[in-house]
Amino acid sequence: MSDIDPIETEEWLEALASLVEYEGRERAQFVLEKLLEDAQKLGIHIGGEALTTPFCNTIPKEEEPTYPGDLKLEYRIDAINRWNAIMMVLRAKKTAGGVGGHLSSYASIANAYEVGLNHFFRGAAKDSPGDLIYFQGHSSEGNYARAYLEDRLTEENLDHFRQEVRGPGLSSYPHPWLMPDFWQFATVSLGLGPLQAIYQARFLKYLENRKLIPTNDRKVWVFAGDGEMDEPESTAGLSFAATENLDNIIYVVNCNLQRLDGPVRAHGKIIQELEGQFRGAGWNVIKVVWGESWDALFEKDKKGILLKRLNTILDGDLQTANVTTGEKRLKVLANNDEELKAFFETLSDDEFDKLNRGGHDLQKIYAAYAKAVKHKNQPTAILLHTVKGYGLGKGGAEGRNIAHNQLDLTDEQLKAFCQRFDLPIKDQQIKDLAYYKPEKNSPELKYLHERRKILNGYLPERKVFSHPIETPPLSAFEATLVGSADRTMSTTMVLGRIFNVLLKDPHIKDRLVPIFSDEVRTFGLEELFRKIGIYSHVGQLYTPEDKDQLLYYRESQDGQLLEEGITEAGCMSSWIAAATSYSAHQIPMIPFFVFYSMFGFQRVGDFIWAAGDMRARGFLIGATAGRTTLEGEGLQHQDGHSLLVAGTVPNCRAYDPAFGYEMAVIIQHGLKVMFEEEQDVFYYLMAMNERYQQPAMPKGVEEGIIKGLYLFKEGKDAKVKVQLLGSGAILNEVIAAADLLEKDFGVSADVWSATSFNELRREASNLQRAHMFGPSKKLTESTIEKCLKNRKGPVIAATDYVRAYAEQIRPWMKSSYTVLGTDGYGRSDTRTELRHFFEVDRYHIVVAALYALVKDDLIPPNQVTNALKKYNIDPEKPNPLTV
């Protein structure tokens, strides 16, 4: 839009400048906001540009606080860290070959870490848990290099970077499972760290509002890359953080303008885009764009032509200008503007090279951090403008598209690095790829240790103090152990009864954290609304429409239940925060995340894997489980595979209980294992919405329930016999099939409840391995072998999951083994029709058992034909395995 009255425009601008000069920036901001508000009322459209500020630092130079540390020493420590991080990668590549490493990511974010570690990030002590830092996953080399200077890691540790199988290795990325005393959060799967951090900050407020921990000023810092912000999880929780007033979280986005292979926004400006996103979501945004060397340029630019150009230059061109020199750089920056060209021509190439980006200026970073930690009632995002591969060589990989893949540096490049950062490293040390560590009493190391002592200890560090929780005895769950008599109940309803028991237990009631997305009523658990309330940081400011009902939607500031809305990723992030609270907050919490099982391991499997890495402890409840128990919902709601996927997570204990007493036994055992014995495992239990009579618990089955298999009902001793295994709701079909086999065909059947094929496989595999390495030792039998060794007849297993789930135990079967399951896509229909379609109903189980007997030459083939006819099973019916 052209300016039709420049004089009037100038008057407005002068008025604004006067307002700032005489009444301050806050007053000017207030007036502008009121003007924008009235403009919208008058129908004047304000474009998206209103969400962004000019492409310069948010904090003016005159408002920067005095730097409290020794800048010279801090830049020197930074340089030493950079050198050792490079050496670690190069030495690993030289000795191990092919193990890789990221030189460029840490190079761009190193200064941001140093300011935080020297002045802001507080460590943990027994009575002071400290700040929570989500370090950028791909910059772990820098964390290790600093820990080496701090005497927390040795040269031998560094020499085993990414070599963990033999020797004192260092994990490639932040992995608490592999380095449980060092890393606290698993952040390398891009996007997971930012979302987890938001819900971690909210969980900290939750603990405060429930008076479980004192109110405190702890901060949650999360470091992410600008390319990482394209992951949906990175931005999914932004508005949530703002509406929750999470002023305890600070995002630091490392904007080096590059992804792995090229620019993040070659045709745009990622920093401006991110500012608009954060501000639009209600965040406080601080941009750190230009270093101190730019201040004089902006002061010199009286007409504003420099800032005007910087506001419009594309990121792709900005990167080109960063790596070129002379006329080529001048052409990119001036963009054919003669006045701008004349402005830039006063600078030599050397002066150009010293024009640092703000993310490499300790003073500018400190000013941003200092302002962020004081900001109230809003989360803060700090956008740091950096160079990928900073320091790796002008004319080399620094700032270039190849930066991410640079895994080697020549001797000449290393010499240039030492000269650039003024490191006293000799030529032979360069050839030897030697680490550099100053003398113990050197100013650098004394300063480094002193700063961390003031900030309460070293980071990253994961501290776990023992806080066992006494587990109620199994007898406390008596109401679920005795069965339901003539009443029908679902195992989801049984879960509600178990919650009631736990909410009365003096050791557990306050630690229980039920988490739902938006389905409390769907699962029939709305009694929790009245009993414990839904957490809200502001309480309940409105009158719910169902206020007159007994189980109305009750929110409160000290509410215990977390109902997160339709976001399984958000729920899972809350669950992880609660499940790792024993280490992050030094108070163990007991989370239960109840969800549609189809939307668990399938939708948030990456989060669940990260939870395992972070040694989470808690319960995941896959409700409305199975492929045939959820009537009518169809293909994208019916789960036939999450139990199989759960088996891929090493510390996940997954179960498919058919009856209420099984669920009670597993949960009581899980509580004991995780919160009394403090083992780093978590439990995944299936829960069905199908109602049926719940039997009383037979005597002596507790161990079998936990191990994964026990005899539920023994058949008569007969010449022809089969072993029927079932789990979940399909166990009822197995029980019915046993009756049909005896009544219609004179075949006796033992019925087994297989609560966990995963646990059966885990135990049998471990025993098999032990025997392989000690073949002369007496072989210990697995649960499968113990249970079935003296049992007659073939074994048939039926579940509501894909065949591969029950197939896991085939190697340990001494008899013939037939598996039925629900392979293929789901369908919408009744339970009866679905089980017939997938061939897991009682009639197909009978046919499978008879066929197994035929294969074992125990009955004639016509018995199968008779069964097909008797039960109206069409041999030509569609095969559910085909798509």
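The values are calculated or read from the model by the stated rules, or taken from the named source; none is laboratory data. Source: prediction; values computed, not measured. Here Cβ is always computed from backbone atoms with ideal geometry, including for glycine, and neighbour counts include all displayed protein chains. Protein only, heavy atoms only, side chains kept; ligands, DNA and RNA dropped before computing areas. Shrake-Rupley method; radii C 1.70, N 1.55, O 1.52, S 1.80 Å.
Here residue 774 meets each of (1) without any contact (Cβ under 8 Å) to a residue 12 or more places away in the chain; (2) touching a strand residue (DSSP E or B) at 6+ places or on another chain (Cβ under 7 Å) with one exception, condition (2). The number of residues in segment 270-284 being surrounded by fewer than 22 Cβ atoms within 10 Å (Cβ to Cβ) and outside any helix (DSSP H, G or I) comes to 3. Residues being modelled with pLDDT of 95 or more, over 35 Å from the mean Cα position of the chain (by Cα), open to solvent by less than 20 Å² (accessible area, probe 1.4 Å) and within 30 Å of residue 825 (Cβ to Cβ) are represented in segment 751-767 by at least one member. Within segment 477-490, being in contact with a Lys or Arg (Cβ under 9 Å, 6 or more places away or on another chain), among the hydrophobic types (A, V, I, L, M, F, W, C) and either surrounded by fewer than 17 Cβ atoms within 10 Å (Cβ to Cβ) or assigned to a helix (DSSP H, G or I) (or both) holds for 477, 479.
Going by the structure shown, is residue 562 more than 25 Å from residue 690 (Cβ to Cβ) and hydrophobic (A, V, I, L, M, F, W, C)? If you could, list the steps in order and put the result at the bottom.
Working: more than 25 Å from residue 690 (Cβ to Cβ): yes; hydrophobic (A, V, I, L, M, F, W, C): yes.
When the stated conditions are applied, residue 562 passes them.
Report, by residue number, each residue of segment 174-203 that is among the hydroxyl-bearing types (Ser, Thr, Tyr) and either more than 11 Å from the chain's Cα centre (by Cα) or closer than 25 Å to residue 217 by Cα (or both). Correct list: 187, 199.
When segment 387-410 is limited to residues that are open to solvent by less than 60 Å² (accessible area, probe 1.4 Å) and charged (D, E, K, R), the one that is modelled with the lowest pLDDT turns out to be 398.
Residue by residue through segment 339-386, note down the ones that are outside any helix (DSSP H, G or I), open to solvent by 10 Å² or more (accessible area, probe 1.4 Å) and farther than 24 Å from residue 300 by Cα. Passing the criteria: 375, 376, 377, 378.
Looking at residue 265, is it under 24 Å from residue 586 (Cα atoms) and among the charged types (D, E, K, R)?
Numbers: under 24 Å from residue 586 (Cα atoms): no; among the charged types (D, E, K, R): yes.
Answer is no for this residue.
Restricting to helices (runs of 4 or more DSSP H) lying wholly in segment 94-184: which have 1 or more residues that are in contact with an Asp or Glu (Cβ under 9 Å, 6 or more places away or on another chain), within 20 Å of residue 414 (Cα to Cα) and without any contact (Cβ under 8 Å) to a residue 40 or more places away in the chain?
Numbers: elements: 104-119, 140-149, 155-159.
The qualifying helices (runs of 4 or more DSSP H) are 104-119.
Of the candidates 796, 809, 784, the single residue that is without any contact (Cβ under 8 Å) to a residue 60 or more places away in the chain, surrounded by 19 or more Cβ atoms within 10 Å (Cβ to Cβ) and out of contact with any Asp or Glu (no Cβ under 6 Å at 6 or more places or on another chain) is 809. Filtering 498, 515 for residues that are in contact with a Cys (Cβ under 9 Å, 6 or more places away or on another chain) and at pLDDT 95 or above leaves a single hit, 515.
Would it be correct to say that residue 315 is surrounded by 14 or more Cβ atoms within 10 Å (Cβ to Cβ), among the charged types (D, E, K, R) and farther than 19 Å from residue 272 by Cα? Full working, then the answer.
Values: surrounded by 14 or more Cβ atoms within 10 Å (Cβ to Cβ): yes; among the charged types (D, E, K, R): yes; farther than 19 Å from residue 272 by Cα: no.
For residue 315, the condition - surrounded by 14 or more Cβ atoms within 10 Å (Cβ to Cβ), among the charged types (D, E, K, R) and farther than 19 Å from residue 272 by Cα - is not met.
Scanning segment 670-690 for residues that are touching a Lys or Arg at 6+ places or on another chain (Cβ under 9 Å) and either open to solvent by 40 Å² or more (accessible area, probe 1.4 Å) or among the aromatic types (Phe, Trp, Tyr) (or both) yields 675, 678, 679, 682, 683, 684. The set of residues in segment 1-39 that are open to solvent by less than 100 Å² (accessible area, probe 1.4 Å) and within 18 Å of residue 304 (Cα to Cα) comprises 2, 3, 6, 9, 10, 13, 15, 16, 17, 18, 20.
Within segment 154-170, how many residues are at negative phi and surrounded by 20 or more Cβ atoms within 10 Å (Cβ to Cβ)?
Residues of segment 154-170 that are at negative phi, as a first pass: 154-161, 163-166, 168-170.
Filter once more, so that each one left must be surrounded by 20 or more Cβ atoms within 10 Å (Cβ to Cβ): 158, 160-161, 170.
Count: 4.
For residues that are at pLDDT 90 or above and of a type in the set (Val, Ile, Thr), scanning just segment 40-83, find the one that is surrounded by the fewest Cβ atoms within 10 Å (Cβ to Cβ). Walk me through how you get there before you give the answer.
Taking segment 40-83 and keeping what is at pLDDT 90 or above, we get 52-83.
Next, only the ones that are of a type in the set (Val, Ile, Thr) stay: 52-53, 58-59, 66, 77, 80.
On the way: 52: 20, 53: 16, 58: 20, 59: 17, 66: 7, 77: 23, 80: 24.
Step by step, filter segment 40-83, then rank; the result is 66.
Please pick out the residue among 719, 699, 778, 713 that is within 21 Å of residue 813 (Cβ to Cβ) and surrounded by fewer than 20 Cβ atoms within 10 Å (Cβ to Cβ). Can you show your working first?
Working: 719 fails: within 21 Å of residue 813 (Cβ to Cβ); 699 fails: within 21 Å of residue 813 (Cβ to Cβ); 778 fails: within 21 Å of residue 813 (Cβ to Cβ).
Result of the check over 719, 699, 778, 713: 713.
Out of 706, 666, one residue alone is out of contact with any Asp or Glu (no Cβ under 6 Å at 6 or more places or on another chain), open to solvent by less than 10 Å² (accessible area, probe 1.4 Å), among the β-branched types (Val, Ile, Thr) and not in a loop (DSSP other than H, G, I, E, B). It is 666. It is to be established whether one or more residues within segment 847-861 are surrounded by fewer than 16 Cβ atoms within 10 Å (Cβ to Cβ), out of contact with any strand residue (DSSP E or B) (no Cβ under 6 Å at 6 or more places or on another chain) and either acidic (Asp, Glu) or assigned to a strand (DSSP E or B) (or both). Checking segment 847-861: at least one residue is surrounded by fewer than 16 Cβ atoms within 10 Å (Cβ to Cβ), out of contact with any strand residue (DSSP E or B) (no Cβ under 6 Å at 6 or more places or on another chain) and either acidic (Asp, Glu) or assigned to a strand (DSSP E or B) (or both).
Can residue 43 be described as without any contact (Cβ under 8 Å) to a residue 40 or more places away in the chain and part of a loop (DSSP other than H, G, I, E, B)?
Numbers: without any contact (Cβ under 8 Å) to a residue 40 or more places away in the chain: yes; part of a loop (DSSP other than H, G, I, E, B): yes.
Taking the combined requirement at face value, the residue satisfies it.
Could you list all residues from segment 824-846 that are touching a helix residue (DSSP H, G or I) at 6+ places or on another chain (Cβ under 9 Å), basic (Lys, Arg), in a helix (DSSP H, G or I) and open to solvent by 30 Å² or more (accessible area, probe 1.4 Å)?
Within segment 824-846, the first condition is being touching a helix residue (DSSP H, G or I) at 6+ places or on another chain (Cβ under 9 Å), and the residues that meet it are 824, 826-829, 835-836, 838-846.
Now restrict to residues that are basic (Lys, Arg): 827, 835, 842.
Those still in the list that are in a helix (DSSP H, G or I) too: 835, 842.
Scanning segment 824-846 gives a single hit, 842.
Looking only at segment 534-575, residues that are closer than 18 Å to residue 238 by Cα, in a loop (DSSP other than H, G, I, E, B) and in contact with a Lys or Arg (Cβ under 8 Å, 6 or more places away or on another chain) come to 1 in all.
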